[in-house]
Structure formats: structure tokens, C-alpha cells
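Engineer: My questions will all concern the structure given below.
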Amino acid sequence: MATASPPKHPHLGAVLVTGGCGFLGHHLVRALLDNPSVSSVSVLSRNPRQNRYPEVSYYVCDITSRENVQTLFKKIQPRVIFHTASPYAYSDPPNPARFQREIVEGTANLLACAKELPSITSFIYTSSIMVYATNANRECIMADEESDILHGPVTRKNAYDESKATADTMVLAADDPTHFRTVCVRISGIYGEGESNDSVTTRGLNMVYSGRANIQLGDNTSLFDPIYIHNAVHGHIFIANALIDELDGPLKTKSNGKVHGEAFNLSDDSPIPFWDFLGKVFAEAGCPQTREGKTVIPNWAVIAMCCIAECMYWILFLGKRRPKDFLRKKLEHVYRTRTLNIEKAKGRLGWYPPIPMDEAIKRSVSWCVEKMGKAKSN
Ligand SMILES: NC(=O)c1ccc[n+]([C@@H]2O[C@H](COP(=O)([O-])OP(=O)(O)OC[C@H]3O[C@@H](n4cnc5c(N)ncnc54)[C@H](OP(=O)(O)O)[C@@H]3O)[C@@H](O)[C@H]2O)c1
């Protein structure tokens, strides 16, 4: 009996992940290792020391270095690139030039080097909800992929968001259906296992353990629209598969419309008032909240507190440091709605977040409780 001949390329084949030791990057790497259509996984990172897996090839590389990236691309010969590398949005001292260099110029460098190499067919860029322009109230309500994104020069005030938007625009413009297909994955704030101490579950549990869970910053009238890490990873791989399906032949394509050269929003598809989300975290951590006994600090007071803290830091540290918590940008989610419409991913790709928010919170809190328990016992 004749057997089917193996596909010319393994489906995803050799995959490269920039920033593959980071929060999203290492979870993506783990999922790729478990994917039978992936033949090898390589990672580019400047200090690839954490979150490593033995089966992965790690390379020390700054994505802004033309020579280094060119050499490594030639050596690795990837078919698919997931570009997740990015500097942290709130690092001190604030350094807009670094965002311009690493996000904008780094992405431009990766695109230029990738286009030179015929093996590279697909480029998936991790973009952000922050690329969307806000309305007159500085909110972003159910932004879809047709909504305006930020454009223009990278300014000191909004450098991270503007750099991500510039890179996003460049990635879509680099799409060439004949040999180099690109996609932007616009995701909201990520939470879950492996998140940083600055992320939402960890901060929520810190509030519980320090007895501050009864202080509510903001009126809780705006909506928060996060994404669980495993939903984000699932979405990235789902989109990569759709991109490759489209490339390998229209007959195989399961998508309901064009994938290459497109942006897709992803979230848990469960916009929720921020303190309702934290209420679920508190309840999962064994500290359910009641409305009574809660101190509510209204939106205007939160903004005023941030302004005062920012001014004091500016005077004391001459602009070299910013408040860790009371920073308007960092607390925006408590007083401004930022939500994504993910109908395009659902309708065109058939993607739905596989893990519902309640289950995602349960898993995140369980991981976080264990992490904090370990930290205490050390
Ligand atoms: N976390 C969120 O809530 C969120 C929300 C929306 C979008 N995103 C996007 O998702 C992506 C991943 O975010 P994340 O939270 O996983 O970030 P992360 O944990 O900080 O990981 C980013 C990784 O990028 C690497 N990197 C930074 N600059 C680099 C450079 N010049 N060359 C090579 N590698 C570099 C870093 O490793 P080295 O220091 O070793 O180089 C780091 O491990 C980013 O593009 C981010 O903008 C994140």
C-alpha cells in the first residue's frame, strides 16, 4: 500500500525565538518544543541564562547588531521567527533612546536580515494593546485591528508605546507574500506562571499578605482586559500555523481570509473591572472581599497621588528614577478602560482563548502562592 510522502518542510520547521528566555518567550519555547511540527528551537538573547531548556540552542545576541544577527540567521537557517524581545516598559532610568534603539532599530535589523535569507518565510511579531491610539478621554475601548495606531516620532513621554507601534507598522510593511510573510500579534497585559513581581497576580497577592487588600485604588468603573500566558502562547502558535498553512497552499488553508500582512488582537476575551479581577485573585488566595470595610480612593485622587509622587521623584532624582508604584502610566488600568476586540482572530482564524479566565486565575494564584512560599522559606 502506498504511504503518503512526508511534507517537503516540517510544518513550522526550524523556529527561532528572540527574547526566548523572557516571560512570554520561554513559555513559547516550551510549547514549541512540545509541537511535533517543530524540528528545532533556537533562542537569541543578550543574556540567555534564565528559563532554559536543554533541547534548545541559545545564542548570545543583541538584536540591534547587524553582523551578529546575520551570522546567526545563516547558522540557524530558521523557517519561522517569533520576535518577542523587548526592553521592559518601566525600567529606570527612563530611556526613550533605548526603546527607539532596541524596539524600532532592533526590529528593523531583524527584518532586514531575515529578508536576505530564503529559508525564513514567516515572521511573527509580539506587539501590544499599547500601540492603539486612545480617544479624547485617553481610553481605548474595544479597539479592533482597523483602529488607529500611534504613529510619528518616538517621544520621551510615550516612548515605549510609540516604539512598539513603529515596529508594528514596519513589520506589516515588510510583508511580501512571495517569500516573506509577517504578522503582528497585539496582546493585552499578560499574567500567569512566570510573571514578574510587577505583574497583576503577584501584586494582588502581595496586597493580601501585607493586609492592603481592602484599599481600592480607583472607582472600579473602567475595564481591564488581560491575557493569560498560556492563552497568549496558544494564540502565537495558532497564528504561526495559519500563516504557514496559507504559505503551503490555499487548499490547506483553514483560515477565513488573509493572514499574512495582518495584525490580530488577542486577549482572554473577558474584559472586567480591574478590582473585580483582583477580587477573584483575592478569593482564590483565600481572602474574599466584601464591599463593606473597603476604602475606595477615587480615580481623581489616584491620579493626583501619582502626579505628586512623580514630581517628588523628579525633583529628588533629577528625572533618573520614577516611583515604583505611583506612576500614572503604570496605574492607568485602574482608572482608564483599555480593551481589545478579538473578533478578527475568532472569525478569520477560528482562534478562541482556550483557558477561561477563572481557571487562568486559579492556576496563576496557585503558582504565585508557591513562589511566595518558597521566597519566604529561603
Ligand atoms: N508582559 C506583558 O504584559 C506584555 C503585554 C503586551 C505585549 N508584550 C510584549 O510581549 C513581548 C514579551 O514580553 P515579556 O513580558 O515576556 O518580556 P520580558 O520577560 O522582559 O522578555 C523580553 C526578553 O527580551 C530580551 N531582550 C531585550 N532586549 C533585547 C535585545 N536588544 N536583544 C536581544 N534580546 C533582548 C530580554 O533578554 P536579555 O536581557 O537576555 O536580552 C528578555 O528576556 C514584548 O515584545 C512585549 O512588548 C508584553
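Engineer: Can you give the FRET efficiency for residue 52 and residue 144, using 1/(1 + (r/R0)^6), R0 = 30 Å, r = Cβ-Cβ distance, to the nearest 0.05?
Structural biologist: 0.20
Engineer: Over its Cα atoms, what ratio of radius of gyration to 2.2 N^0.38 Å does region 295-378 give?
Structural biologist: The reported ratio for this selection is 1.62.
Engineer: Tell me, rounded to the nearest percent, the portion of alpha carbon pairs in region 20-157 spaced more than 20 Å apart.
Structural biologist: 54 percent
Engineer: Please work out whether region 124-172 counts as rounded, prolate or oblate from its C-alpha gyration tensor, where a ≥ b ≥ c are the square roots of the eigenvalues and a/c under 1.5 means rounded, while otherwise a/b larger than b/c means prolate and anything else oblate?
Structural biologist: On the way: a/c = 1.99, a/b = 1.13, b/c = 1.75.
Oblate is the answer for region 124-172, as a/c is 1.5 or above yet b/c matches or exceeds a/b.
Engineer: Given the peptides 258-271, 172-185, arrange them by the average over their residues of other C-beta atoms within 10 Å, most packed first.
Structural biologist: 258-271, 172-185
Engineer: Cα gyration tensor of the chain, axes a ≥ b ≥ c as square roots of the eigenvalues: rounded (a/c below 1.5), prolate (a/b > b/c) or oblate?
Structural biologist: prolate
Engineer: Here is a follow-up. Give the cross-link partners of residue 346 among the aspartates and glutamates, using a straight C-alpha distance below 15 Å as the criterion and excluding same-chain residues fewer than 8 apart.
Structural biologist: 144, 145, 262, 268, 269
Engineer: State the percentage of accessible surface on the chain attributable to carbon and sulfur atoms; use a 1.4 Å probe and exclude ligands, DNA and RNA.
Structural biologist: C and S fraction of accessible area: 55 percent.
Engineer: Take each of the peptides 143-152, 216-225, average the number of other beta-carbon atoms within 10 Å over its residues, and list them starting from the highest.
Structural biologist: Working: 143-152: 16.0, 216-225: 21.0.
Answer by packing, highest mean first, reads 216-225, 143-152.
Engineer: Counting Lys and Arg as +1 and Asp and Glu as -1, each charge on the Cβ, what is the dipole of region 16-101 about the Cα centre in debye, to the nearest 20?
Structural biologist: Dipole magnitude for region 16-101 comes out near 180 debye.
Engineer: Treating the beta-carbon of each Lys and Arg as +1 and of each Asp and Glu as -1, no other charges, what is the dipole magnitude of region 128-248 about its Cα centre, to the nearest 20 debye?
Structural biologist: Dipole magnitude for region 128-248 comes out near 700 debye.
Engineer: Also, I was wondering about something else. So which of 294/362; 157/329; 294/330 end up more than 18 Å apart, counting from Cα to Cα?
Structural biologist: Over 18 Å Cα-Cα: 294/362; 294/330.
Engineer: Is the shape of region 251-346 best called rounded, prolate or oblate, per the rule: a/c under 1.5 gives rounded, else a/b larger than b/c gives prolate, else oblate, with a ≥ b ≥ c the square roots of the Cα gyration tensor eigenvalues? Before the final figure, lay out each step's value.
Structural biologist: Numbers: a/c = 3.28, a/b = 1.55, b/c = 2.12.
Oblate is the answer for region 251-346, as a/c is 1.5 or above yet b/c matches or exceeds a/b.
Engineer: What is the magnitude of the charge dipole of the chain about its Cα centre, with +1 placed on the Cβ of each Lys and Arg, -1 on the Cβ of each Asp and Glu, and no other charges, expressed in debye to the nearest 20?
Structural biologist: 960 debye
Engineer: Rounded to the nearest whole Å², what accessible area per residue is found for the chain with the 1.4 Å probe? Each step should come with its number before you reach the end.
Structural biologist: Numbers: 17550 Å² over 378 residues.
Each residue of the chain exposes 46 Å² on average to a 1.4 Å probe.
The values are calculated or read from the model by the stated rules, or taken from the named source; none is laboratory data. This structure is a prediction, so every number in the text was calculated from the model and none was measured. Cβ coordinates were reconstructed from backbone atoms using ideal geometry, including for glycine residues, and neighbour counts include every protein chain displayed. The area values use the complete protein model at the heavy-atom level, side chains included, leaving out ligands, DNA and RNA. Shrake-Rupley method; radii C 1.70, N 1.55, O 1.52, S 1.80 Å.
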